Amino acid sequence: MIIIAPRSSIIASAVKKIFKEIEKLPLETVIQVEGTVLMREKDTINKNLNTGEIEIGIEKFKSFLTEFNETCCRIGKNPKDITILGASKGQQADSIKLAFEEGIKHFGENFLQEAEQKISEIGNLPTWHFIGSIQSRKTKRIASLFHWVQTVDRLKVAKKLNENRPQEMEKLNVCVQVNPDNEESKSGIPLSGTKNLIGELVQLERLRVRGLMSIPAATKDFEQQRKGFGRIRSCFEDLKAIYPQLDTLSMGMSEDYEAAILEGSTMIRIGTNIFGTRN
């Protein structure tokens, strides 16, 4: 499997069906391909590209949405029940527009200033989520700019978001960020603190509490991934028994979204598999 770098040369003329399908994709779509790396003839080398000496003979290809749908089908999940959030930190507005045209309707931004520039250019047609750390002094701008905030872990911040949500806008959707493994490098509250915090949040009139967001400790072991997500799902189910309006479990990224979906994720945050590796 090869991730095609931007502006790499691919050839599919030998398989006209594949070529016609590739032509339908938006420019700069990230696709996975199976094929053969071929050396170009000397007179066809493109010296303007780092990869100008090679081309890829494609035998099979698929975009992330194809992969996602196939994964859901294989594990018995309905893809319509899961929201794909494009983690667009560091991506240009044009790349986000292309992903939107391809079918990704939700995007997550980590930094307010970067997000302001993109939203100003792209507009509110996509649904915008704030998924970065929240500074109290920036809550007014965050509350007036985003549809969702997924990183609420303090009542003080939640109250400021509530106070600053414009009356003409719909309620601000919020998720409580949990840190199930108490990692110092990550924000979020322990699972044991979610009941008390959500109990406070549901009383704030301009917020709509949707559920939990989490990034468990990283591991490549599939069963360990499931175990970590399972702990969060269990907490979510306990909370939902008290607050039946909760409907969102935001967990899973490019490397572990299958395990997350199996454990009940309703929203996955995908960066690399949609946009490719950031420079």
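The values are calculated or read from the model by the stated rules, or taken from the named source; none is laboratory data. All figures in this text were calculated on a predicted structure; none of them were measured in a lab. Methodologically, a virtual Cβ is constructed for each residue, glycine included, from the backbone with ideal geometry; neighbour enumeration extends over all protein chains shown.
List of remarks:
- Flag for GLY264 being under 13 Å from the mean Cα position of the chain (by Cα) and outside any helix (DSSP H, G or I): no
- Here LYS118 fulfils each of the conditions (1) among the charged types (D, E, K, R); (2) under 11 Å from GLY86 (Cα atoms); (3) surrounded by 15 or more Cβ atoms within 10 Å (Cβ to Cβ) apart from (2).
- Within segment 1-112, strands (runs of 3 or more DSSP E) holding 2 or more residues that are modelled with pLDDT under 55 and either out of contact with any Gly (no Cβ under 7 Å at 6 or more places or on another chain) or not assigned by TED's automatic domain parsing to the domain that holds GLY132 (or both): 54-63
- Close pairs from segment 179-206: first closer than 23 Å to ALA143 by Cα, partner part of a loop (DSSP other than H, G, I, E, B) and aromatic (Phe, Trp, Tyr), Cβ under 9 Å, at least 6 apart: ILE198/TYR243; GLY199/TYR243; VAL202/TYR243
- Hey, GLY252 free of Cβ contacts under 8 Å to residues at least 24 places away in the same chain and in contact with a helix residue (DSSP H, G or I) (Cβ under 6 Å, 6 or more places away or on another chain) or not: yes
- Residue check for GLU200: within 21 Å of the chain's Cα centre (by Cα) and acidic (Asp, Glu): no
- Members of segment 200-230 that are among the charged types (D, E, K, R) and either surrounded by fewer than 13 Cβ atoms within 10 Å (Cβ to Cβ) or in a helix (DSSP H, G or I) (or both): GLU200, GLU205, LYS220, ASP221, GLU223, ARG226, LYS227
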